[in-house]
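K.L.:
First, the structure itself, so that you have it in front of you.
Where a number appears in this text, it was derived from the coordinates with a stated rule and is not lab data. The model shown is predicted, which means the values in this text are computed figures rather than measured ones. Cβ placement follows ideal geometry from the backbone for every residue including glycine, while neighbour counts extend to all protein chains displayed.
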Amino acid sequence: MAGRFVRCPQCDGDVLVPKTSARAGGKSAASPARKKPAAAPSVVISPTLVTAGIIGGVLAIIVLALYLGPWRVGNQWAAMNSRANDEVTDVIDYALQAYDSQHPDFNSKIIHAPPQLQGPASFIPPMMAFTMPANIIFLGKTSRGNYTGTWDTTTGEVVANIETNGWTIGGLADARKASNTIRITGREKDGKVSAEMDGQPLVKNW
């Protein structure tokens, strides 16, 4: 019947029957084929870019950590190093002379040759600390031997072990090796130095 006029049973008019093709599923030749929707384009990120981003983030974290930690603590210590040396050496000098005046190693009448410090104290600074340590270790030498101890970064309290009955020449060679060590605590407040040994104040008798 394709291509012929037939009478419509509803309107009783002549209607042309359209031509069709014998496609599977009975689809008209004029019917356009449906296209599959195009797939959304995928985002491709370069592995090199990802690696660079990760490395950059890690470096940024490290730099920030160093700035907020060791670098800041290092600056704090640099600002207090001079005060720490003054307080430590003043306390060591006072404590050693006070002890020596009460317990003469050689001759208590030799006032012109009291024990003396051989240079400034040496400190072990906080290297990779993220906060300022409560105590900083120090060490040094006197004409009586060696000393070592800690300096309190908050209170300035000095705790030290001091050799007393040795004899050092020029701060280098030990002409007489120390065989006695005392443990003292001390501090310097408002320019005044005080120290104790075994809970008892050390006082100069000279």
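K.L.:
So if I restrict to the alpha-carbon atoms in region 70-201, what is the Rg, and what is Dmax, the biggest pairwise distance, in Å?
P.N.:
Just the Cα atoms of region 70-201 yield Rg and Dmax of 15.4, 51 Å.
K.L.:
Tabulate in residue order the Karplus-calculated ³J(HN,Hα) for region 79-90, using 6.51 cos²θ - 1.76 cosθ + 1.60 with θ = phi - 60°, rounded to whole Hz; enter x for Gly and Pro.
P.N.:
Working through the residues one at a time gives 6, 9, 4, 5, 5, 4, 5, 4, 5, 5, 5, 5 Hz.
K.L.:
Using a 10 Å cut-off on Cβ atoms, rank the peptides 146-158, 90-102, 70-82 from the highest mean neighbour count down.
P.N.:
The packing order, highest mean first, is 90-102, 146-158, 70-82.
K.L.:
So, in nm, how far is label Asp198 from label Met1 when the simple model puts each one 7 Å beyond its Cα toward the Cβ?
P.N.:
Calculated label separation equals 13.1 nm.
K.L.:
I want to check the label-to-label distance for Arg72 and Val15. Put each point 7 Å from Cα in the C-beta direction and report it in nm to one decimal.
P.N.:
If labels sit at Arg72 and Val15, their model points lie 8.7 nm apart.
K.L.:
Which value, in debye to the nearest 20, describes the size of the charge dipole of region 119-206 about its Cα centre when Lys and Arg Cβ atoms bear +1, Asp and Glu Cβ atoms bear -1, and nothing else is charged?
P.N.:
Magnitude of the dipole: close to 280 debye.
K.L.:
Let me ask something additional. State, to one decimal in nm, how far the label point of Ala60 lies from the label point of Thr148, with both points 7 Å from Cα in the Cβ direction.
P.N.:
Going by the 7 Å Cα→Cβ label model, 4.5 nm.
K.L.:
Would you list Val15, Val44 from fewest to most Cβ contacts within 10 Å?
P.N.:
Val44, Val15
K.L.:
Using θ = phi - 60° and the Karplus relation 6.51 cos²θ - 1.76 cosθ + 1.60, list the HN-Hα couplings for region 5-13 in order, rounded to whole Hz, with x at every Gly or Pro.
P.N.:
For region 5-13, the Karplus-derived couplings read 8, 10, 8, 6, x, 8, 9, 6, x Hz, x marking Gly and Pro.
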